[in-house]
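Sharing a structure here in structure tokens format.
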Amino acid sequence: MLKITGGRLYDPINSIDGEIRDLYVQDGSMVPAPADENAVTRTLDATGMIVLPGGLDLHCHIAGGKVNSGRKIRPEDHRRGWHFERTDVTRSGTGGTVPSTFATGYKYAGMGYTTAFDAAVAPVGAKHTHEEFHDTPVIDKGGYILMGNNEFILMRLKEGDLDAVRNFVAWELQATKGYSVKIVNAGGVEGWKFRDGVEGLDSPVDFFEVTPRQIIQALARVTNDLGLPHPLHIHCNNLGRPGNWQTTLETMKALEGHQVHLAHIQFHSYGGKSWSSMRSEVPRLVEYFKGQPNLTVDVGQVVFGPATTMTADGPWQYLLYQLTGERWVNVDIEAETGCGIVPYEYKARNLVNALQWAVGLEWFLLMDDPWRISLTTDHPNGGTFWTYPQIIKLLMNREYRKEAIARVNQTAIKRTVLSELDREYSLYEIAIITRAGPARTLGLDRTKGHLGPGAEADITIHDPDDDVERMFSNPRYVFKSGELIVEEGHIRASPTGKTFFVAPEYDPAIEAPIRDHFDKYMTIVYENYPVDMVYVPHPAQVATREALGYQSEMRG
């Protein structure tokens, strides 16, 4: 048994705010204090140190076809980026905005993160994604399965057959070994393949005669009925465009009564009618959001510097390509989804980029309930995940934030309320938005995001430092499932993390129409589609919640 003694704990799930307590670890889990101290075989003295649960990133892009394409489109990024040397413990890996699998795992671990969820898994590419999950060391993983533009679902919605949608979603999650359902630009990706996408929530998708509103509401109801541990994960329509806050607000209103997570909310909070008139509409969105306890968000904070944008939102990526003239990848993925990739750089003096940076910080600082907002950069879209310590410093140190505000485009700042916000996050609140809150949103809070008995022994220990960016960048110790994996900046062990997935029940009768759909429209045969457990060698199946039993009819 390991005893960690004398540390100052920040463990919000257990309401521990900076108290000095001892921790006990046995067989990879947190355990109560033993009746006999002789059971302790090793002691780590953490006196004067800060102790947190391991971090959780609930929205990032770290595996699968899109990430591989991102690596290929940025060769210069790897040459000039950081890297890991091969050692007795680690394998070599390149950095840049889209690091290799090995480098991704080591870099997360090196900053105290032990769990990360990929936010956009194309179903037909799920096998490849799981192979890369297995290739990503140390951290636990999981993936959200793209379904908001799946032609089988659109056809069943056109027929009004919600039961078929429910059974298909459950089948798809089992087939792909996914964790939850993801919508990206509902109906808009499929519509763009034929014409110009969709406008607003009530514009019908060509050939299918269903609207984004119907898609969103149907999948929200289905995921709630199935009792998935993490609810429907939505990338709203009209991402990145001036004036899109109205679509975001309408989406929130359309989801009343359903537990839903809204992704990278920063990219969906803009007013104005053009790039030159773009402004923040965060206060109005936050005002409505506060009264909707069914909703959670992650921010997708922009960080100045290089990024690689990648998303299933093909129409947005095509527009970004037109705006920048940068390299562009577009993929039409079977009859399921799409993908676009464009390298990008966020510049502090650029009006739009400065506004995006400020909008993300507004969301953090205006939200009075940190349990419903999670720290993300939508890695690598808004910035890389290893910039989280920089964001934490912006939230915890108002003087540092004021200095940063003074260095960016001032026209953009005047179109926000950021300069009026003096709030500073506490360490306890940082522990919520990076650990406890994401664990709860993911439905993993019994075993993740806390340090109480029964939790996995994922522990991060920091030397206190007035510079919180430096402190969060370089933990003194990191434990994964009770094993010391990082010590004073060095990787000491490289275990293989688990892959979380769900397997909700479905009516086997749905398999016949799915098989017929494959025969007519897919280039892969039905039998080759599902992910066999050989692709998930370290599985962690998570039980579904009790079905919430929503009885309301679909609207729209």
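Name the residue that is nearest to Val198 (Cα to Cα), counting only residues in the range 229-247 that are surrounded by 24 or more Cβ atoms within 10 Å (Cβ to Cβ) and out of contact with any Leu (no Cβ under 8 Å at 6 or more places or on another chain).
The qualifying residue nearest to Val198 (Cα to Cα) is Asn238.
Quick check on my filter: what residues within the range 462-501 are surrounded by fewer than 24 Cβ atoms within 10 Å (Cβ to Cβ), out of contact with any Gly (no Cβ under 8 Å at 6 or more places or on another chain) and among the hydrophobic types (A, V, I, L, M, F, W, C)?
Val468, Met471, Leu484, Ala493, listed by residue number.
From the residues in the range 468-520 that are small (Gly, Ala, Ser) and within 22 Å of the chain's Cα centre (by Cα), which one is nearest to Asn224 (Cα to Cα)? Steps first, answer last, please.
Step one: filter the range 468-520 for residues small (Gly, Ala, Ser), giving 473, 481-482, 489, 493-494, 497, 503, 509, 512.
Subset that is within 22 Å of the chain's Cα centre (by Cα): 473, 481, 497, 503.
On the way: Ser473: 37, Ser481: 30, Gly497: 28, Ala503: 14 Å.
It comes out as Ala503.
So how many residues does the range 35-64 have that are over 25 Å from Thr115 (Cα atoms) and either among the β-branched types (Val, Ile, Thr) or at pLDDT below 95 (or both)? Let's see the steps before the verdict.
Here is the first cut: in the range 35-64, the ones over 25 Å from Thr115 (Cα atoms) are 35-43, 45, 47-48.
Filter once more, keeping what is either among the β-branched types (Val, Ile, Thr) or at pLDDT below 95 (or both): 35-41, 43, 47.
Qualifying residue count, the range 35-64: 9.
Also, I was wondering about something else. Looking at (1) buried (at least 24 other Cβ atoms within 10 Å of the Cβ); (2) under 22 Å from the mean Cα position of the chain (by Cα), which is the only condition Pro315 fails?
(1)
So Leu226 fits all but one of (1) in contact with an Asp or Glu (Cβ under 8 Å, 6 or more places away or on another chain); (2) at pLDDT 95 or above; (3) open to solvent by 10 Å² or more (accessible area, probe 1.4 Å); what number is the exception?
Of everything listed in (1) in contact with an Asp or Glu (Cβ under 8 Å, 6 or more places away or on another chain); (2) at pLDDT 95 or above; (3) open to solvent by 10 Å² or more (accessible area, probe 1.4 Å), Leu226 misses just condition (1).
Determine whether Arg221 is of a type in the set (Lys, Arg) and out of contact with any Gly (no Cβ under 7 Å at 6 or more places or on another chain). Break it down stepwise before answering.
Details: of a type in the set (Lys, Arg): yes; out of contact with any Gly (no Cβ under 7 Å at 6 or more places or on another chain): yes.
Spelling it out, Arg221 is indeed of a type in the set (Lys, Arg) and out of contact with any Gly (no Cβ under 7 Å at 6 or more places or on another chain).
Has the range 269-286 got any residue that is polar (S, T, N, Q), assigned to a strand (DSSP E or B), touching a residue at least 12 places away in the same chain (Cβ under 8 Å) and open to solvent by less than 20 Å² (accessible area, probe 1.4 Å)? I'd like the intermediate steps shown before the answer.
To start, the set of residues in the range 269-286 that are polar (S, T, N, Q) comprises 269, 274, 276-277, 280.
In the following step, the residues that additionally are assigned to a strand (DSSP E or B) were identified as 280.
Within this subset, residues satisfying the condition of being touching a residue at least 12 places away in the same chain (Cβ under 8 Å) are 280.
Still in the list and also open to solvent by less than 20 Å² (accessible area, probe 1.4 Å): 280.
Scanning the range 269-286 turns up at least one residue that is polar (S, T, N, Q), assigned to a strand (DSSP E or B), touching a residue at least 12 places away in the same chain (Cβ under 8 Å) and open to solvent by less than 20 Å² (accessible area, probe 1.4 Å).
From the list Gln317, Gln322, which residue is assigned to a helix (DSSP H, G or I), over 18 Å from Gly148 (Cβ atoms) and free of Cβ contacts under 8 Å to residues at least 40 places away in the same chain? Talk me through it step by step, then tell me what you get.
Values: Gln317 fails: over 18 Å from Gly148 (Cβ atoms).
Sole residue among the options that is assigned to a helix (DSSP H, G or I), over 18 Å from Gly148 (Cβ atoms) and free of Cβ contacts under 8 Å to residues at least 40 places away in the same chain: Gln322.
Test Lys193 against the criterion of being surrounded by fewer than 24 Cβ atoms within 10 Å (Cβ to Cβ), under 21 Å from the mean Cα position of the chain (by Cα) and assigned to a helix (DSSP H, G or I), and give yes or no. Before you say what the answer is, go through the steps one by one.
Working: surrounded by fewer than 24 Cβ atoms within 10 Å (Cβ to Cβ): yes; under 21 Å from the mean Cα position of the chain (by Cα): no; assigned to a helix (DSSP H, G or I): yes.
No: the conditions fail for Lys193.
The values are calculated or read from the model by the stated rules, or taken from the named source; none is laboratory data. Note that this is a predicted model, so its numbers are computed, not measured. So basically every Cβ, Gly included, is an ideal-geometry build from the backbone, and we count neighbours across all protein chains shown. Note: accessible area is taken over every heavy atom of the protein model, side chains too, but ligands, DNA and RNA are not part of it. Shrake-Rupley method; radii C 1.70, N 1.55, O 1.52, S 1.80 Å.
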